1. Could you tell me which residue out of Thr356, Ile659, Ala511 lies farthest along the dipole of the chain toward its positive end? Charges go on the beta carbon: Lys and Arg +1, Asp and Glu -1, centred on the Cα centre.
2. Report the normalised scattering of the range 51-95 as log10 I(q)/I(0) at q = 0.18, 0.22, 0.23, 0.24 Å⁻¹, calculated by the Debye formula with identical scatterers on the alpha carbons.
3. Nearest 20 debye, what's the magnitude of the dipole of the range 230-308 about its Cα centre given +1 on Lys and Arg Cβ and -1 on Asp and Glu Cβ?
4. Find which of Thr673, Asn469, Ser235 sits farthest along the positive direction of the dipole of the chain, computed with +1 on the beta-carbon of Lys and Arg, -1 on that of Asp and Glu, about the Cα centre.
5. Just the projected area, averaged over all directions, of the convex hull on the alpha carbon atoms of the range 280-436: how many nm²?
6. Tell me the GluC sites (Glu not before Pro) within the range 416-510 that lie in a loop according to DSSP and have at most 16 other beta-carbon atoms within 10 Å.
7. Taking only the alpha carbons of the range 239-316, what extent do you get along each of the three principal axes, in Å, biggest first?
8. For Ser235 and Lys606 in the same chain, what is the full-extension length gain: residue separation times 0.36 nm, less their Cα-Cα distance, in nm?
Amino acid sequence: MSKNLLSELNQEQREAIAHAEGPLLILAGAGSGKTRVITCRFANLAKRFASPQILTVTFTNKAAGEMKERICALLGKDLRQCWIGTFHSQCVRILRKEIGLLDFSPDFSIYDDADQLSLIRHILKELNLYEALYRGVLSKISHLKSCLIKPEEFLSRSDGFGFEERLAKVYMRYQDELKKSNSLDFDDLIMLVIRLFEEHPATLKKYQNLFEHILVDEFQDTNVAQYKLLKLLSSSHGNICCVGDDDQSIYRFRGADINNIMDFQKDFPDARVIKLERSYRCSQNILDVSGSVISKNHKRHPKKLWTDRVGGDAVCFYWMDSEDDEARHIARTVRELYLKNNYDYGDFACLYRVNTQSRAIEDHLQSEGIPYKVLGGLSFYQRKEIKDITAYMKLILNRDDNVSLRRIINCPQRGIGASTLSKVEQHAKKKTLSLYAAIKGLLRTNALASTMKEKLEGFVNIMEKISGNNHKDAAELIKDILESVGYSEGLDEDRANNIAEFISSAAGKDAKEFTDRLCLASNTDDASQQGHVSLLTLHSAKGLEFPVVFVAGLEEGLLPYLKAQTPEEMAEERRLLYVGMTRARDVLVLTGAKSRRVFEKVKEQKPSRFLQDIPRPLCLMVEKTFRNAAKKEDPKPKPIPSPYVTGTRVKHPKWGVGIVRDCYGEGEEAKVTVNFPMVGVKKLCVKFANLETIHG
């Protein structure tokens, strides 16, 4: 380790790097230079001892790659064979050598998410279970595996009937199919290495001797299985160094267990704990505000972050009349700061709790001509369900749009496969017609088999029916499409929410102008402009930083999210806000709205309870109104109350008998949440659900 490099480190960082033997927990606050500490510690160990093997694990390939590059630069040598990588990549490396001991072949396949989902759907169909549950079933199985719960163990815990027993049977079949295919999923990679070590002590000893030191990045994100693996490998020597921040543990839904970092000192009683509290990222004002919020969590290691950057811009919270006003304020603030030549567009980030919040923000950034990019996911208008419905709209408005036709001719599936489409394309090319015109032409001939003709005729009839209806705006057209083609059937909650948000954005807009705007939206990144505003969820923002950060939607039901009910869930929501705040280097702007459209219905919102944790001198609270000309509204009909109350027993034609858990909305907008023992909880529109009330 060069003297110049050591001189650039603070006292706590130098102590963490110099620690040689025994367990070490480094509590690294936001922006405290943890990556530098890990890389310097690796380099120091490599130079201090005679070629030690150091197992270094993190959570993403990108992080592992950056870490390896930094260490190579420090040591000045090639480290391609060293053990630096993700948990999964390190386990694959072990299993390729040792899995024969577990009666698998070393040439096993690894199933990704798409492979897993396909297998789950196959099993559900085979067992005559509702296929639309496949994503939820896979998520539950993944959670069980991350907790090291085997299928037979889960079956023994189930109540012997209902959903849990069915899930246990699917889990068992799933594992059987993986075994027959000599395949593993991501969770198996961890589980099988643990099984390998527990069943074969000599193999465990071999790897304990190989890995003289263990370095763990983002320790707060480990699950039960990952921590068990680390404890097995370090149990003989105790040379384990874990770096993390309990205040940034935000992946509970993926199985991350905050108890791992909280209980480290219990598991390793002689562990040394070093806190990195000096932040090199945020201004002191941002640290004070974020610190006041996170300090209200009780289950945490107390830390007091500080910086040499005294003061800084004041943190502000703006309370708007509506989500459109909120988005307008964000877009105009970005434009103002950009025009003052203080920042480039790439210096801005807007963070939010749920993906649907991006729609209004995207709209107003477009209106201001500001380039943006949605990170950690697709742009709202590029999501599959939105693109599918948009393709229907475009084809209805322009029958010659072949690209849109190709996208939706078999979406939802109507039995029109590749061979049929190929025949249509051949005829279109021969007659110089659009695909739609070619279909209509073929239907007037005897060139098609009767079944093929029937399917194509059904598609054309749907399109002609929708075109023949009068739609007052784009929203009505979208609703007509959804009803006519049955697109909403079987959609999960997130996709259904996205479509509801899409309908809201189309209200009052001309269909042609609306589709034109959607097409132009994909070209908002002007090549002549440098950078783009980043839009991303709070979960996706972990590990990133920006000079200017907006955290939108600080409202009850959004942040904290409405599904957070337990103290543990509420504490994680608080950590999520803390992570968002500490992404900002110079400027932090918090926003919220008095009203927001949720499930096509405007709801009155209240400011987030987390704002009460911020002392008034630390944050400027501003209530801001955009003055608009008053608009006359048509008289609204008296709403029809929902026919259901919580606890009502109802019968669905497909899912059987269930119990109503919640009702919301009025009249034709009424929706109901029902718990069906056979398929789980479903959210339904009363108008289309065909529910039968069971009395007595």
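The values are calculated or read from the model by the stated rules, or taken from the named source; none is laboratory data. The shown structure was predicted, so the numbers you read here are calculated from the model rather than taken from an experiment. With ideal geometry, Cβ positions are generated from the backbone for all residues, glycine too; neighbour counts draw on all protein chains shown. When the accessible area is computed, the model is the full protein with side chains, heavy atoms only, and any ligands, DNA or RNA have been set aside. Shrake-Rupley method; radii C 1.70, N 1.55, O 1.52, S 1.80 Å.
1. Working it through, the farthest residue towards the positive pole turns out to be Ala511.
2. The Cα Debye sum returns log10 ratios of -0.50, -0.74, -0.80, -0.86.
3. It works out to roughly 120 debye.
4. In the chain, that residue is Asn469.
5. It is 16.0 nm².
6. Loop-located and lightly packed - Glu489.
7. 42, 28, 20
8. Gain on extension, Ser235 to Lys606, equals 128.5 nm.
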